[in-house]
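Bear in mind that the values in this text are calculations on the coordinates, not laboratory data. These numbers were taken from a predicted model, which means no experiment stands behind them. FYI the Cβ positions are ideal-geometry reconstructions off the backbone, even for glycines, and counts take in every protein chain you see.
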Amino acid sequence: MNLNHKQLKKAILIRTVEQEFLNLFSKGKLNGTVHTCVGQEFSALAFAGQLKKSDFVFSNHRCHGHYISFTDDWRGLIAELLGKKSGTCGGIGSSQHLCKDNFFSNGIQGGIVPVAAGYALANKLDKNDAVGVVYIGDGTLGEGVLYETMNIISKWDIPLIIVCENNFYAQSTSIETTIAGDILARAESFGIRTSKSSTWDVEELFESSRQTIDYVRKNKKPAFHLVETYRLNPHSKGDDDRKKDEIDSFILKDPINIFENTDPAYFSRYYNEIHEKVQAYINSIENDEELKIDEYYFPEEEKLYSWSGLKFNPNKRQVELLNEYLTNEMESNRRVVFIGEDVLSPYGGAFKVAKGLSEKFPEKVFSTPISEAAIIGISNGLALNNYRPLAEIMFGDFILLGLDQIINHAAKFAHMYNFKVKCPLIVRTPMGGGRGYGPTHSQSLEKHLIGISNTVVAATNQYIAPSIIYKSVFKQECPVIVIENKVDYGKKNAPLAIESYKYEVTDQDFPVLRIKPQFSNPDLTIITYGGMSDLAVGSISEIFKDLDQIVQVLILTCISPIDFKVLADELKTSKFVFTLEEGSLPAGIGSEIVAGLSEILPNKRYKRIAALPVPIPSVKSLESGVLPTKKDLVSQIKKYIK
Amino acid sequence: MDVLEEIIVPFSSVNDNSVIVLSVKFSSGSYVNAGEIIAELETSKTTFTVEANHAGFIEVLCEAEQEVKINQCIFKIYSSAESIHVKSVGNVVEDALEDNPKVSNGNTFTVFSDKAEVYIIEKKISKSLFTSFDYVNVSIIEEVLGITQDINVPKKTEPKTNSAPISNQDDVVIEKLTKDKVLEIEYLSSVQQSNLTSNVTVDIDIDKTTAFLNERLKVIKNSVLPLIIFESSRLLKKHKLLNCYFENNSIAYYNEVNIGLAVDMGKGLKVLKIKNADELQLLEIEEKITELSDRYLNDTLSVDDLTKSTFTITDLSSFGVYDFYPLINKGNSGIMSISSTINSSCKVSITFDHRVTNGKYVSIFLMELKDRIESYKSARNQPAKTAIHCYKCLRQNSAESLSNSIHFLKVVDPYGNDNVLCSLCYEGF
């Protein structure tokens, strides 16, 4: 075998580190588990090891080899797994969640693929020469988002290499039971260039991987490279039901073992040197410090705020104002990318928010296939690579298809990579019923989006010009989800005039809107947001007349996190506090509001008003029976205050 | 002035129920030529202009940036400019203030909730107490009344207590006035604070009258009250200066005579109205008194029962009170008190508002009342000796004729026969 000794040494280094990990694990010095790549080292070296520093790598749970090949930072890796502050990610990410200089790994199968595609797309927009590799396994071939991404990278010509390391087993499951058809045919069917190698023919592997990399760099098109290999160790630690003679056969085939047998002198020399180095390092950092909680968790500081009168744009509809703002933003910020379904002109998106954008900014507006997970995943990649993606999910109901990308990727990157990166993702989506679209096109699902770490959920409403909200959205460095409302798009940004009532806002990034009488103190407050705002405001007169109560309405523009202090400050004279939302009652936004407020103001009477906990029917009479109406609101309030 | 043209918002597209006025080119009273563009309107899809078809003087009924409905009239063109006024478009103030609207916090709008309206009518509260509030409900009324001194208090969270102690608290126990009492003070202060009230008293011999009433009335016994109400109400129709009230150097005369009967049977002092008492017969008045008393005791009095009495009567005769000086209610110019019987006579006293009347006037009233009351004699004491009847109307000298003071004259009829004529026929209709 004519192996490049440099590569061999690197391979031995990787194997040594992995074996040390297993050692340390059995001594109880590692937290969590490790997924060693012993036996697969050359796959890492052939791709990650042959890239430029400006290229990038995305990897999965079995990423140590990829990491060392791309970054040479075996020390950081060891410190990371030992939980040291000096580790790659300060001990936060550990084995599966590594990040350093364009290397990213995450533990959700397939989730990294669209992110890698977005990262590559950013490179393409930057017109630099960079290419990227995303490593998947045979098991990843079961995940749908892989196929969404392959479709898009082929259609859009994105310079990404998908390297599929087929070690014939996904955890305990052999591919015989899980993989239908042919692996390469999958990529071929998307029109993607394919190649096939194995880690037992190392020369061929290095040669063809070089060709793949060059192809992608030159042509700015994707490629799929299948590498057959075998892991000599269990999936993680100790869980191995594979047949012993099968494993043994691969141990014999393993190139490093062969080298050990054919060139024992060189092997020992290399091995000992490396082994000593690694051991010494491990010993030296044994007592190093770990990250403290206040270096990881940074609670929000209380900020001062003040109130002022709210101005309106009564001649324009909300959707026009929004379109205007986004147009201006894309003009002044070349890093904004608009990505969604059906967004090209002349259609301009299902609700026309994107009207005219693709004409003005042809290179920055992407109309995708119906692939919500990929839309958000690609946006994540763009966000990681210095772009400001504006992802539109056509109907709020569909955001669930991309929820993994929001919760397990966007929301976590900053923290789990020890604040080395930011993911300023923006997802916009309209929620709300009232048009008879039925159970899967009318929902208000924001309750499933609140409380996600490091993620702001904003909500527009008809009384506040969208520019106020979006100015703040574009300032955020964390992921932001903006909940819009279908019916509100057509409404004018105008107040409902109620004699002697003022509309005021705070000067915060996501202001609270307060509607109350100028002189008399309110007896009850309705807290709401989004599409239910006009329902609350419209009930003020009726509640005063019929129930003898003076009403104040507080409208939130940020429902996660909720600013309880501002709300509590405004509730001093209200004996009753009602929350109103269009989503269903259990565990809704109202629950969060009431819980938080009752910690500050335990002596008020609280009640949540929301939709019934059933799917939203299409027929109008039933729909208005399920969703809150003004009549409901007044009668529920009436019952409660008796 | 003729209306030459009414310009309405045209129907332009299926999507729109309304359009927006972008601009209005003329102000009310201006002259427009036929064909001139007077406004620009915007639908969801496009903008269009509106022209005058006639020349004339325009009245503008909309304004820029206003949303107007399809078919809404937005301009009128008149043949002359007279009486075109600039209409203010927009909000209508719901409930104008009764009193001087100048308020310390600048508020100019006040509306009361339905329950608040009932409350203030029932308790006879002045709306002027609330001029600093824009929305008033019952809880605000109660808060405000928790303070007796301070009228213009715009924002309160809890009712202020009168915190300055007036006595050394070692030797007294201090108890706050009830809300009802506070209201009463406010109410009575209305007329009395002018310091221009005065009082006249007469004694009335009620011996025979009481006997007569005990026969006639069904339930109420040994009380001249129903008769006093009966006679006073008729007299008030004549003596109007006791059936009115003073306001702003003017006298407001009531069109009706509604006697307010002051009653306190354990549930607070209330004035119960006997409406149009001058049109009720004696038995009807007795019925009304018992009805109102029942309602008082059962807490089923309506707002109407408690409002708009034109003259008040307060009867403390059953308490053995010899004499007392009643206080005039808000909205009245007089109040009559009935004190108890001593030696078959009772004192009737009227306190009156000297700003509208005077002692002589009231004395005349009382003398007439005294005469009338004393003229009643029981039918039992003077039974009809013979049954006689008027030859014209056939009225008999029955108990009814006696009670109504109808008398009979011996006359010679046209046929030269001795006959009897009743006083009604004699006096004519």
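The table for this structure:
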read-out: Ranked list, fewest to most other Cβ atoms within 10 Å of each Cβ, for A:MET330, A:MET532, A:MET431, B:MET265; value: B:MET265, A:MET330, A:MET431, A:MET532
read-out: Loop GluC sites (Glu not before Pro), region A:310-363, which have at most 12 other Cβ atoms in a 10 Å radius of their Cβ (DSSP); value: A:GLU363
read-out: Cα principal axis extents for region A:465-587, largest first, Å; value: 45, 32, 32
read-out: Projected area, mean over directions - region A:188-299, Cα convex hull, nm²; value: 13.9 nm²
read-out: Extended-chain gain in nm, criterion 0.36 nm per residue less alpha-carbon gap, A:GLU504 and A:ASN4; value: 172.8 nm
read-out: Farthest positive-ward along the protein assembly as shown dipole, Cα basis, beta-carbon charges - from B:ASN199, A:GLY625, A:CYS423; value: B:ASN199
read-out: Convex hull volume per residue in cubic angstrom - Cα atoms of the protein assembly as shown; value: 275 Å³
read-out: Fewest-first ranking of B:ILE364, A:ILE452, using other Cβ atoms within 10 Å as the exposure measure; value: B:ILE364, A:ILE452
read-out: Cβ-Cβ FRET estimate between B:LYS267 and A:ASP294, R0 fixed at 60 Å, reported to 0.05; value: 0.35
read-out: Cβ-Cβ FRET estimate between A:ALA494 and B:GLU117, R0 fixed at 25 Å, reported to 0.05; value: 0.20
read-out: Percentage, to the nearest whole number, of Cα pairs in region B:196-377 over 23 Å apart; value: 37 percent
read-out: Structure-based [θ]222 nm, chain A - -39500 (n - 2.57) summed over DSSP H runs of at least 4, per residue, nearest 500; value: -11000 deg cm²/dmol
read-out: Value of relative contact order over region A:311-490, rounded to a whole percent, pairs C-alpha under 8 Å and six or more apart; value: 23 percent
read-out: Of all DSSP beta bridges in chain A, antiparallel share, percent nearest 5; value: 25 percent
read-out: Mean separation of Cα contacts under 8 Å (6+ apart) over length of region A:498-641, as relative contact order %; value: 22 percent
read-out: Antiparallel bridge percentage (DSSP; both residues within the protein assembly as shown; nearest 5); value: 50 percent
read-out: Too-long pairs where the Cα-Cα distance tops 32 Å, listed order kept, from A:LYS355/A:LYS620; A:LYS422/B:LYS45; A:LYS475/A:LYS545; A:LYS10/A:LYS243; A:LYS360/A:LYS471; value: A:LYS422/B:LYS45; A:LYS475/A:LYS545
read-out: Region A:184-193 - phi-based ³J(HN,Hα) in whole Hz, Karplus 6.51/-1.76/1.60, Gly and Pro as x; value: 5, 4, 4, 5, 4, 5, 8, x, 9, 5
read-out: When each of B:LYS288/B:LYS370; B:LYS181/B:LYS237; B:LYS240/B:LYS308; A:LYS575/A:LYS638; A:LYS565/A:LYS604 is checked by Cα-Cα distance, pairs over 25 Å; value: B:LYS181/B:LYS237
read-out: Sequence-separation-based contact order of region B:283-368, relative, with Cα cut under 8 Å and 6+ spacing, percent; value: 21 percent
read-out: Region A:1-108 - Debye-derived log10 I(q)/I(0), Cα point model, q = 0.11 Å⁻¹; value: -0.30
read-out: Residues of region B:212-255 with amide N under 19 Å of a point placed 7 Å along Cα→Cβ from B:GLU279; value: B:229-240, B:243-244, B:253-255
read-out: Spin-label pair B:LYS176/A:LYS360, simplified geometry with 7 Å Cα→Cβ offset, distance in nm; value: 6.2 nm
read-out: Reference-scaled alpha-carbon Rg (2.2 N^0.38 Å with N residues) for region B:1-65; value: 1.14
read-out: Shielding by partners, peptide B:131-142 (average Cβ within 10 angstrom, other chains); value: 5
read-out: Order of A:HIS409, B:HIS239, B:HIS54 - criterion: other Cβ atoms within 10 Å of each residue's Cβ, fewest first; value: B:HIS54, B:HIS239, A:HIS409
read-out: Modelled FRET efficiency - R0 22 Å, B:LYS218 with B:HIS407, Cβ distances, 0.05 increments; value: 0.25
read-out: B:ALA34 versus B:THR300: modelled label distance in nm, points set 7 Å from Cα along the beta carbon direction; value: 7.1 nm
read-out: Alpha-carbon radius of gyration plus Dmax, which is the widest Cα pair, for chain A in Å; value: 28.2, 96
read-out: Taking the convex hull of Cα positions in region A:569-625, its mean projected area over all directions (nm²); value: 4.5 nm²
